[in-house]
Each structure stands twice: as C-alpha cells, then as structure tokens.
Amino acid sequence: MSAKGGTRRIARIATRALAVAWFSVLLFWVCQPYPTTAPRRSDGWIPLEVDGGTGRVKLQAPAFERVPSIGETRWLLDATVDEPISFGEFRVVDAFLSEPNSPVDSESSSSATFEPIAALDEERLDALATTFGELTVCESDPTALPDACARRLTERTARFGPASTALATDVCVGGVAAAWRSGARTTLVVSGCVLLLSVLFARAFCGWFCPMGAVVDFADFLCSPIRRLVQRRRRKSGARSGVSGRFRALFAVGLIAASCGGVALVGWFSPIATLTRNVGATLGPVQTAAYRGWGQVPVPTTGAIVSVAVFLAVLALGTLGRRTFCRWLCPAGAIFAMLARLRVFGYSVDGERCVGCGQCSSVCSFDAVDAWRADAVQINANCASCGNCADVCPRRAISFGRVAPLKTTRANGSGVPTGAVDAKRLERRRALVWFGGLAASAVGGAALGRIATKSALASEPVVRPPGSVSERDFLRRCVRCGECLRACPNDALRPIDVEGGLARLATPTLNADWSGCEPSCANCGRVCPTGAIRPLTIAEKRRFVLGLATVDRTTCLPHAGVADCRLCVDECARAGYDAIEFVAVGTQIDENGRPIEDVGFLAPVVRAERCVGCGLCQARCAAIVVRTDKALARPAIKVVATFAIFR
C-alpha cells in the first residue's frame with residue numbers, strides 16, 4: 001500500500017469513528033432525558049431588612065443552606081399565605097457567609113441581599129414590606145410550568161445539535177418527511193446535503209460517513225474467519241453473485257411503494273433508522289438501569305425482541321460476504337446507486353495499465369468492480385469511493401478524479417470498448433423481465449401499504465404521543481426509528497407489539513400501565529425527524545388531549561365499596577390537571593326530595609372537560625393497587641384514545 005493509500009485509509013477510519021461517536025452522543029446523551037434535576041426551592045429565609053420603596057431585601061439564610069453568589073439570580077416567593085405571592089426575579093448584590101460553629105443569630109448567620117431586576121408594582125411592594133413569615137428562594141420562576149426534562153434537552157441540543165440530525169442523514173427518512181410535507185426542516189436540509197454529496201462523489205456517504213456501515217464493517221470483521229471458509233468453498237464450486245444490486249433495487253421499490261400506500265415500511269430497513277431503533281432497544285435499558293436502577297426498566301415487548309434478533313441476524317450475514325446489508329437490503333444504497341450515474345468525481349480504471357488481475361474485485365465490499373470477462377474491468381454505480389481498489393492495484397491503474405461516462409475497457413491496452421455489445425444484448429434479453437419485476441414490486445408494495453393502513457384504521461384506536469398528527473398521517477410519517485422512545489423520561493412510550501398489526505408495529509403508544517406522560521416533558525415532538533409528532537411547548541403539550549381516563553366502576557375500590565382510595569385524585573392534582581374529583585355516588589332522596597343521610601359514598605369521577613389523557617392516574621393505580629397491594633388484576637382507571645385536539 002502506498003503512502004497516499006495509507007493516509008486515505010487512516011482518514012476513512014477517523015471519519016467513520018467520528019460518525020459513530022456523534023451518533024452515540026445524539027442517541028445516548030442529547031436524546032436521553034436523564035439526569036434531570038428540578039429547580040431547587042429553599043424555604044425558611046427570614047427577612048431582616050426590607051426597603052419599601054425599591055423592594056431591596058436582606059434575608060437570613062437557613063442553617064446549612066448555601067448562600068447564592070453575588071450576581072446570581074433567584075425568585076422570591078411567599079408560600080406561607082393561602083395564595084402564594086411571587087415577588088419576581090431578584091439579583092444577589094451582597095452576600096455574607098458565617099464562620100463555622102458560629103452561634104445562630106441574625107448578626108452571625110449567613111445572609112444575602114436581593115435587589116429586584118424589574119421594578120415591583122405597589123401591590124407586591126406592600127406585600128413584601130409587610131410580610132412577617134419566612135420566604136422561599138427559588139432557582140427558577142415558581143409560577144412557570146415545570147419543564148425540567150424539556151430544559152435538559154434544550155441545553156444539550158445547544159451544545160451538540162438536534163437529536164434528530166443523525167436520522168436526517170438517512171435519505172429514506174428525508175424522503176418520507178418530504179413526501180408528506182411534514183415541515184421537518186432539519187431533516188430536509190441535512191438529507192438534501194447528503195443527496196448532493198452523492199451526486200458529486202457517488203456513494204461517498206456509505207463509504208466514509210454512515211454509522212450503520214461502520215457497524216456492519218465491524219460485524220464483518222468479527223465474522224471474517226467463518227467468511228473465509230465460506231468463500232473458499234464458494235470459489236471451489238464456482239459460485240458467483242451478481243444480483244445483489246438488482247435485488248436491492250426491487251426491494252427498495254417495494255418499500256417505497258408501501259410508504260406511498262400509507263405505511264412507512266421503508267423505516268424498517270433504512271440504515272440510520274434501523275440502527276437507532278435496534279441500538280436504542282438493546283443498550284437503552286442498560287443506560288436507564290445505570291441512572292435509575294433495573295427496577296425502572298420496563299419489560300421489553302415481543303416486537304422489540306424480534307426486531308433486535310433480526311438486526312443481529314442481518315449483521316451475522318457477514319459470514320456470507322462483506323457488507324451484505326448494504327449490498328442486498330439497504331434502500332438508501334439503492335437511491336445512492338441510482339444517483340451515482342450522475343456523479344462528477346469518482347474512481348475509474350485506466351485500460352492502458354489494467355492487466356485484469358482481479359485484486360480490485362477481491363477487496364471491494366460493494367460489488368462495485370465488474371469483471372464479466374478476464375480482460376474487462378469496470379467500476380459501476382455501486383462504488384462507495386472508499387479507495388480500497390486503488391490501494392491494492394499493482395499497476396496503479398485505478399485513480400480518483402472527474403469521471404467520464406461509464407464504459408468497459410479492454411485490459412490489453414488497446415482502449416477499445418469490449419462491453420458495448422454485451423450490454424446491448426443484456427438489455428434486450430432482460431429489459432422486459434427487469435421492468436416487469438420493478439412494476440410487480442411497486443404494485444405489491446403499494447397494495448400491502450393500502451391493506452395494512454385500512455386494517456389499522458378499522459381496528460381499535462391507540463393512544464399516541466402528545467403532538468401526534470392524525471392516525472392516517474401518523475402511519476405515513478412514522479419511520480419506526482424509536483427516537484421518541486429514547487427521549488421519554490419515564491419510558492411511558494413503548495413500541496406497539498406484533499398483535500397491533502403490520503401498519504402499527506413498532507410505532508409508539510402510551511403505556512400508561514407502566515408510567516404516565518411526564519408533565520415537564522415535551523421531548524418526543526422535538527426529536528421526531530419526520531413530523532409524525534409535532535414539536536410543542538410545555539404549555540401547548542398540557543392542553544393537547546391524548547385520550548380520556550375512564551373509571552371502571554365494577555372494580556374501582558371506592559365505587560365497589562371495598563376500600564377508600566384516592567390515588568388517582570391525588571396524582572391528577574399533583575400534575576396540575578385537577579381532572580378527577582370525589583363526588584357523592586349512590587345517594588337517595590326521600591319523598592320530599594331531600595337526600596337521605598348516611599346513604600351513598602364518595603368515589604372518583606373524571607371531568608372530561610379537563611382530562612388530557614396523560615395516564616398518570618392509570619400508572620399510579622397500576623403501581624400501587626395492582627402490583628404492590630395486588631388488590632386488582634388490572635387498573636380500575638384506564639386511558640382510552642380520542643381524537644387528538646387542543647384545549
């Protein structure tokens with residue numbers, strides 16, 4: 001290998017390592033909502049001095065409480081009254097730290113002086129000047145909606161980029177986003193750049209930047225001992241394989257047609273979506289256990305297990321040949337190969353130097369070197385610009401540069417094309433069969449998509465994530481990447497299992513038996529690459545109706561008269577929805593129309609006009625009544641799907 005080839009090899013390894021590292025950071029750090037910390041609230045700050053004109057206040061800190069540094073901002077709150085009063089945002093202008101073991105009194109204790117950033121109105125000035133109770137010092141606005149998880153995603157996105165950027169490099173994901181006008185700008189821009197790269201440098205993305213390609217290459221390395229035995233036997237038997245590109249094209253056409261028919265099945269095999277889904281399903285539970293313990297890891301679904309098993313089986317195909325997934329199944333590779341016919345730069349063979357030794361063909365992982373005859377060599381549209389062929393060529397007959405129209409050249413140095421006649425014969429003999437296969441694949445894929453969509457829409461509706469589009473559009477746009485599952489802080493979103501049907505398989509749904517939708521999180525819409533889940537603010541998310549909680553009065557403990565229980569009521573109030581309340585049930589009236597005393601009982605009832613279907617009540621009932629107390633076999637309150645609307 002020449003020095004130039006060694007440099008190219010090192011550069012290729014480095015770029016692919018960086019691509020894998022970047023993919024891992026986006027999936028396991030930016031997208032992962034933990035660790036999150038809610039803004040601290042410190043109670044027990046005693047007012048020492050208050051300026052009734054400006055609102056400047058000096059507060060004595062509680063024992064062992066950290067005093068904020070000068071210049072930091074805090075919010076002051078009086079929580080001792082019936083209706084807590086927020087005095088707004090203050091800046092620390094002076095701070096005093098007490099000496100260790102000093103007596104606890106107003107002169108020697110730690111204290112801080114706060115000055116309002118914005119002028120206070122008369123009402124709040126009077127309340128601050130006349131307060132006699134202890135104040136609460138908050139790190140964020142106590143009147144704002146909780147947004148710990150959403151804020152964490154925002155902070156990490158600012159440092160590393162949007163979590164969906166890696167998925168946006170998948171042209172199949174970008175195609176789905178563009179076809180259904182999802183408005184996912186990041187996906188459209190990045191996918192467009194990748195397509196432009198493919199026009200300029202053929203399949204350079206596959207050879208230099210694709211994380212899935214790097215994983216497949218690593219699996220091929222592990223499978224290399226078995227592959228050598230298989231290839232040795234194949235050479236003895238004279239077996240050949242020249243149909244990988246054609247099969248991949250037929251397969252890609254079928255997947256794209258199914259996506260046009262209403263179900264984005266292309267996401268099952270598009271490279272980055274496949275990698276995201278299966279790596280997240282495999283390593284995601286390990287990361288969750290590291291942060292929160294194995295008790296917080298939900299049981300994997302059958303569909304997730306099958307998906308990971310198929311993914312590992314695809315990687316194990318490296319025992320039969322290198323880059324088997326890329327050569328046979330990758331729909332993005334089929335698109336790149338089609339665009340490669342327009343490429344501007346690439347590798348080409350100098351017929352004056354080529355001796356037909358076949359070393360280039362033996363090292364090519366993409367079936368990009370055609371050697372139909374002993375004296376004819378051509379680099380076809382599958383070339384990924386990796387440069388391995390140029391590194392091993394003993395005559396330096398392969399070089400990188402501007403590419404002339406593809407033609408087969410004679411290796412004896414005459415430069416006379418020898419493949420033109422063969423190409424015409426091949427076209428005449430197989431054109432009808434080839435286009436017939438493409439048509440059959442397209443029709444079959446479209447029919448499969450239509451049938452699967454109709455079956456899904458006719459079945460029982462499922463509860464989708466907050467911000468989801470209509471069910472028909474959701475099935476069109478969702479590429480089953482699993483990014484929203486990774487961004488969900490409590491694993492409330494789970495993939496639909498095999499019994500959900502082909503159209504809904506691996507799409508996200510709310511699993512309220514495990515956890516409800518976190519009120520401080522709206523991450524799923526912000527990481528979705530295709531717009532199947534729209535990005536929402538926390539305020540919009542809290543008004544988005546996922547479903548409606550319904551109480552089973554035959555099993556609910558208060559309704560059945562078995563025991564007193566207010567778990568659902570307290571959980572709903574804690575989340576700030578107040579959609580469940582106790583009402584008198586089973587009351588009777590006498591002949592005068594007056595209620596009879598000691599008749600009836602209090603039981604929870606859902607107020608439909610307030611319920612958004614977050615599932616927190618169902619999760620609480622399942623955790624305590626079902627799994628801990630074992631009083632019921634299933635939760636007595638359940639969220640059912642409704643039309644997704646805003647309140």
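Every read-out reported here was derived from the displayed coordinates using simple, explicitly stated rules and does not represent laboratory data. What you see is a predicted model, and the numbers here were worked out from it, not measured in a lab. In this analysis, Cβ positions are derived from the backbone assuming ideal geometry, glycine residues included, and neighbour counts consider all displayed protein chains.
Numerical summary
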read-out: Alpha-carbon centroid distance for the pair segment 547-563 / segment 267-339, whole angstrom; value: 41 Å
read-out: Cα-based Rg / Dmax (Å) for the chain; value: 32.3, 115
read-out: Principal-axis tilt of helix 148-160 within the chain, Cα atoms, nearest 10 degrees; value: 40 degrees
read-out: Residue-averaged 222 nm ellipticity for the chain, from DSSP H runs of 4+ at -39500 (n - 2.57), nearest 500; value: -12500 deg cm²/dmol
read-out: Degrees separating the helix 244-260 axis from the principal Cα axis of the chain, which is the longest one; value: 40 degrees
read-out: Where chymotrypsin sites (Phe, Trp or Tyr not before Pro) in DSSP loops with at most 16 other Cβ within 10 Å are excluded, longest remaining stretch of the chain; value: 133-647
read-out: Rounded FRET efficiency, nearest 0.05, which uses the C-beta distance separating Phe96 from Glu155 and R0 of 41 Å; value: 0.85
read-out: Distance in nm between pseudo-label sites at Glu139 and Val344 (7 Å out along the Cβ direction from Cα); value: 5.0 nm
read-out: Listed peptides 561-568, 257-264 by packing density, highest first (mean Cβ within 10 Å); value: 257-264, 561-568
